[in-house]
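The values are calculated or read from the model by the stated rules, or taken from the named source; none is laboratory data. Computed from a predicted model, the values in this text were never measured in an experiment. Glycine also receives a Cβ, built like all others from the backbone with ideal geometry; neighbour counts cover every protein chain displayed.
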Amino acid sequence: MDIDVLLQKTLQEGVEQLFGFTPGEAMLQLQQTRKEFEGDLTLVVFPMVKSARKSPAEVASALGTYLGAHAPEVAGFNVVNGFLNITLHDSIWLDLLRQAVEDENYGMKSTEDNAEVVMIEYSSPNTNKPLHLGHIRNNLLGFSLAEIMKGNGRKVVKTNIVNDRGIHICKSMVAWQQWGNGETPDNTGIKGDHLVGDFYVMFDKHYKEEVAALVEGGMTQEEAENQAPSLLAARELLRKWEAHDEETVALWKMMNGWVYRGFDATYRELGVDFDKIYYESETYLMGRNEVLRGLREGIFYRRDDGSVWADLTAEGLDHKVLLRSDGTSVYMTQDIGTAKMRFDDYPIGKMIYVVGNEQNYHFQVLSLLLDKLGYRWGRELYHFSYGMVELPSGKMKSREGTVVDADDLIADMVNVARKMGQELGKMEDMEAEEADKTYKMIALGALKYFILKVDPKKNMTFNPEESIDFNGNTGPFIQYTHARIMSVLRKARETGISFSPTFPQAMPLEAKEKEILKTISEYPAVVEEAAASYSPALLANYCYEIAREFNQFYHDHSILNEPDARKRNFRLVLSECVVKIMRSGMGMLGIEMPDRM
RNA sequence: GCCCUGGUAGCUCAAUUGGAUAGAGCAACGGCCUUCUAAGCCGUAGGUUAUGGGUUCGAUCCCCGUCCAGGGUACCA
């Protein structure tokens, strides 16, 4: 905020004049005054007490007096325990509101032609099972991060790397071949990704039975696990796939096709999308080539068994395998290929990987390997490492059936939203179609906010027994505040009340009004900080804050029934500004705002 | 074993990056709809910030020890 800089300058002069030394930046940090104290901005004077050789109270009041005399914006000050609380003239806040209203994209930065291109990889599913709650967190974070980067003037390319090849999909294929009875999404009515997931589970069940039977027959556990017929069949399919066996590839394509249609439906429900999708089946060979090039150039080395390794001991890490002894590639190999392909395809300034924190080590290694291979961008890649979603009982485990399915969860949320909406009976005169749209908006608002309000770095807990709240610090609370304001603005229009951001010089502000104005003034800094610290949570918490403040104001003061026309005008402008900010902020979280609810 | 994370109200989460009396919501209890949407507002209660030390004007935040939880350390992804 400009006013910060202005006051800082005056404060610096003050310190020089009063105490005879030049204070460093760190000494003059202004912060928002806490609500329980009077004032708008606060200077902590402790850091300069020593140099000034005065008591904290003396330093504070001397500086306060100096400000009063030299900064016309300052209306007054008070000193509490070495904290200098500065009060600004109300006109400063009104000016600020006018600026916020007049700026169509208040808080956002426009995208220049030469803006940095940021590529964000997120979602990145395996094609052998449907998306679950963990993927939801990933998708929401990735999408929101992309919106936040756009809001900060970057060019963004959203990308997805689909892990469409490997032993996992072959397992589903084996199960379908042997026990599938020709089932398809069409003839069963089961969503494709779920159907393929069912076959994956079916494979596992048979596999375990086979292993048990083999152990019964005298084999050791390890032998049995390696020789179970199902597993041998899956490996055989993988081998055939890599050898481009026609029938295998056709089956692989068919089943992956089912999965993609399923994923697309889930993505559509979640409201996330991608500008460019990569498939590992199309990138892993390039990764292999890069590794072989590294081998030729002496960056990597080959062991006697034929496997290829990178020695990272000089970097404080270990040795890392890059090609198996049978020549097939591992996850890391594929990621190298994908990275190269992307940098060939786009003028990427910054590459962000939205991937869980369990892969911290993987990305540390990937970064080093790309660097060794001669790509300057290797070191600069950013692993957006987010925490896991846990159940009250601990981690979600697919084999224990505790995984929270994405589609089920969304459907449940919509049902809860509909039930609650019908109980409240507020949308009875709404068209059925529009009501449905609104219920969905609310359901997704609740889900998305629930997940995004948490610091991405931290693990979070989700309790499937209790449905996500719609009251309090929630998405629907903010949506509701928006709908309320829209209702007021609608009524104003209907009754022919117009309003504009011109305010009288001296108009006393109510405390709640001023709180909202202060919060409005913080918005640009929050948008910036959300990008700088990669945190949608900052925006989420900000939106809650401004909604809560507005509700308090709304409760205490009437807008349309305010007799003083100038005040009524101001309140309408204020309300509209809050709407604009909520749409903008929540929009960057991927949450839509209903006009009525 | 070694390397990362994390531990804040009964529960889910904050805390302006070292600042004032650690804040919200849920759950509990009590109030507020003849007035712009009560999915709201107000109040009560709830804390030795896991624990023991250290650094300083000041520590939830930085350093060291201990306990607990999670993750990583695969020719898995």
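If the condition is being over 37 Å from the mean Cα position of the chain (by Cα) and surrounded by 21 or more Cβ atoms within 10 Å (Cβ to Cβ), then segment A:237-263 contributes only A:L237.
Within segment A:195-208, can one find any residue that is over 15 Å from A:S230 (Cα atoms) and surrounded by fewer than 20 Cβ atoms within 10 Å (Cβ to Cβ)? Within segment A:195-208, one or more residues are over 15 Å from A:S230 (Cα atoms) and surrounded by fewer than 20 Cβ atoms within 10 Å (Cβ to Cβ). Can you find a residue in segment A:164-186 that is without any contact (Cβ under 8 Å) to a residue 40 or more places away in the chain, surrounded by fewer than 21 Cβ atoms within 10 Å (Cβ to Cβ) and either assigned to a helix (DSSP H, G or I) or within 16 Å of RNA strand B (Cβ to nearest atom) (or both)? Yes, segment A:164-186 contains a residue that is without any contact (Cβ under 8 Å) to a residue 40 or more places away in the chain, surrounded by fewer than 21 Cβ atoms within 10 Å (Cβ to Cβ) and either assigned to a helix (DSSP H, G or I) or within 16 Å of RNA strand B (Cβ to nearest atom) (or both). Which residue out of A:I336, A:I352, A:I348 is over 18 Å from the mean Cα position of the chain (by Cα), more than 13 Å from RNA strand B (Cβ to nearest atom) and among the aliphatic types (A, V, I, L, M)? That would be A:I348, the only listed residue that is over 18 Å from the mean Cα position of the chain (by Cα), more than 13 Å from RNA strand B (Cβ to nearest atom) and among the aliphatic types (A, V, I, L, M).
Residues to consider are A:Q29, A:Q17; find the one that is surrounded by fewer than 20 Cβ atoms within 10 Å (Cβ to Cβ), more than 30 Å from A:V573 (Cα to Cα) and either modelled with pLDDT of 90 or more or among the acidic types (D, E) (or both).
Going through A:Q29, A:Q17 in turn, the sole match is A:Q17.
I want to confirm something. Restricting to segment A:375-392 and keeping residues that are in a loop (DSSP other than H, G, I, E, B) and exposed (fewer than 12 other Cβ atoms within 10 Å of the Cβ), which single residue is farthest from RNA strand B (Cβ to nearest atom)? Ranking the candidates gives A:R379 first. Taking residues in segment A:353-369 that are at negative phi, and partners anywhere that are part of a helix (DSSP H, G or I), the pairs with Cβ atoms closer than 6 Å and at least 6 places apart or on different chains are A:V354/A:N138; A:V354/A:L141; A:V354/A:G142; A:L366/A:D335; A:S367/A:G378; A:L368/A:E315. If you go through segment A:462-486 and keep only what is under 19 Å from A:R137 (Cα atoms), more than 6 Å from RNA strand B (Cβ to nearest atom) and in a helix (DSSP H, G or I), you end up with just A:G475.
Is it true that A:L589 is within 12 Å of RNA strand B (Cβ to nearest atom) and among the aliphatic types (A, V, I, L, M)? Spell out how you get there, then give the answer.
Values: within 12 Å of RNA strand B (Cβ to nearest atom): no; among the aliphatic types (A, V, I, L, M): yes.
Here the answer is no, as A:L589 does not meet what is asked.
Within segment A:487-513, the set of residues being in contact with a Phe, Trp or Tyr (Cβ under 8 Å, 6 or more places away or on another chain) and within 15 Å of RNA strand B (Cβ to nearest atom) comprises A:A492, A:E510, A:K512, A:E513.
Every residue, every condition in (1) in contact with a His (Cβ under 9 Å, 6 or more places away or on another chain); (2) in contact (Cβ under 8 Å) with a residue 24 or more places away in the chain; (3) of a type in the set (F, W, Y); (4) in a strand (DSSP E or B), yes or no:
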{"site": "A:V15", "(1), (2), (3), (4)": "no, yes, no, no"}
{"site": "A:E38", "(1), (2), (3), (4)": "no, yes, no, no"}
{"site": "A:T42", "(1), (2), (3), (4)": "no, yes, no, yes"}
{"site": "A:S51", "(1), (2), (3), (4)": "no, yes, no, no"}
{"site": "A:L63", "(1), (2), (3), (4)": "no, yes, no, no"}
{"site": "A:G68", "(1), (2), (3), (4)": "no, no, no, no"}
{"site": "A:T87", "(1), (2), (3), (4)": "no, yes, no, yes"}
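Of all residues in segment A:396-410, those satisfying the criterion of being part of a helix (DSSP H, G or I) and either among the small types (G, A, S) or at pLDDT 95 or above (or both) are A:S398, A:A406, A:D407, A:D408, A:L409, A:I410. Of all residues in segment A:549-589, those satisfying the criterion of being buried (at least 16 other Cβ atoms within 10 Å of the Cβ) and free of Cβ contacts under 8 Å to residues at least 60 places away in the same chain are A:E549, A:F553, A:R571.
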